[in-house]
Each structure stands twice: as C-alpha cells, then as structure tokens.
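In what follows, a structure is listed as structure tokens, so that the remarks can point back to it.
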Amino acid sequence: ICGSSLIGNTRSVTAAHCWRTNTFQARQFTVVWGSNALMSGGTRVVTTNVVVHPQYNANNLNNDVAVIRHNSVAFNNVINRIALATGSNSFAGTWAVAAGYGRNGDGSGSSNPGKFQANLLVITNDVCRQTFGNTIVASTLCVSTAHGSSTCPGDSGGPLAVGSGNNRQLIGITSFGTQWCARGFPAGFARVTSFASWLSSQ
C-alpha cells in the first residue's frame, strides 16, 4: 500500500520506492481517487506507466520520487489536483498535514481500511541529520513527530501539504522514517520544491 497525490488529470506523484526497490519491482498500480475507504468506492484506474526519477537511489532513498501516468480523471468536488510547491521556502517551523492508509502505530500489523491524517511540524535538515546523518540532503524535507503523530509503514508516497482549499500546496512526498513510527523520531519526505520542475515536465 502506498499513497499518491493527483497533480493533473493524467498524472499523480508517489515515492519511487513504491514502484521499485533493490529487491522488489511492482508490475502495476491501482490508483484510487475520491474515497476515504481503501478497498471500496471512488474512481479506480489500473496503470503500468510509472516514471521513476533518473537519480533515484534505492539505497539511501535520495530522489525518492516517481510520476504515475494514468487515464484522465475528471475533477469534481471530491477529486482535484494539488499544486506543487515551488521557490526557496524551506517550510521549517511550518505545520503541515500528512495523509495515508498506513499503520496507526508501532503495534498495528497492517494498513488501515480508512485514511488517517496527521499534523506535523517541519524541522530543519540540520536537526534531521542528528537522527539520519548524511542521508539527509538538500532535496530532503523532515518533520518532527514529537507530538505523538507520524507517518508509518503504508503511508509512503502520500502527501505532506500546507494551506487549505484552492491554496493547498504539496510540499513533501512521504519517503522514510525509522522502524518505529510512534517513538518521536523524525520522518523524511522528498522536498517538492526540489523536484517541481521535473514533475511538471512529466
């Protein structure tokens, strides 16, 4: 299970490791829009057309970004695109919202049948390096999970967003964390401002 974000009628963005790791290669994605339930409802499209960032590194998850190309989906009151963040804002000190169908704690053994979301505080990369070392590069964005909320296994590829309504922006793509998602360690995302140009070109 992975998340994604709709960035156009025929394009969604997710984490590259959802499609390919050193030991796993997906064959297809079933993309779901317009439903808070994982296994039912909404609009569902199957695709095998996934473009992984050319500098994706499966060992350290740098450039952990991929574009899903799919049949056109119509926008409506429950399905809409999200704008890509651009510019030089680091968003450090900003509260953002992550969403996904992953586990809701260290003790839960499987993904959730419904979507959860968490309010997370963006931290500086220097603070994040205290946990993850040189894995943290300029194109990484990190959040604090000290307030008891975090992304967990099953949330990969999903959104980290700021703003609301038509002003909502995608600032991160859920990428990595520690093996414990409820113990206060930071969580890492692909920084969308670093990839906005490439994403838009796909």
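Being modelled with pLDDT under 95, surrounded by fewer than 24 Cβ atoms within 10 Å (Cβ to Cβ) and of a type in the set (S, T, Y) is the requirement here; does S194 meet it?
Spelling it out, it is not the case that S194 is modelled with pLDDT under 95, surrounded by fewer than 24 Cβ atoms within 10 Å (Cβ to Cβ) and of a type in the set (S, T, Y).
Looking at this structure, is A83 in contact with a Ser or Thr (Cβ under 8 Å, 6 or more places away or on another chain) and surrounded by 14 or more Cβ atoms within 10 Å (Cβ to Cβ)?
For A83, the condition - in contact with a Ser or Thr (Cβ under 8 Å, 6 or more places away or on another chain) and surrounded by 14 or more Cβ atoms within 10 Å (Cβ to Cβ) - is not met.
Right, A99: at pLDDT below 95, outside any strand (DSSP E or B), in contact with a strand residue (DSSP E or B) (Cβ under 9 Å, 6 or more places away or on another chain) and under 29 Å from G42 (Cβ atoms) or not?
It is false that A99 is at pLDDT below 95, outside any strand (DSSP E or B), in contact with a strand residue (DSSP E or B) (Cβ under 9 Å, 6 or more places away or on another chain) and under 29 Å from G42 (Cβ atoms).
The values are calculated or read from the model by the stated rules, or taken from the named source; none is laboratory data. Keep in mind that what you see is a predicted model, and the values were worked out from it rather than measured. Cβ: placed from backbone, ideal geometry, glycine included. Neighbour counts: every protein chain shown.
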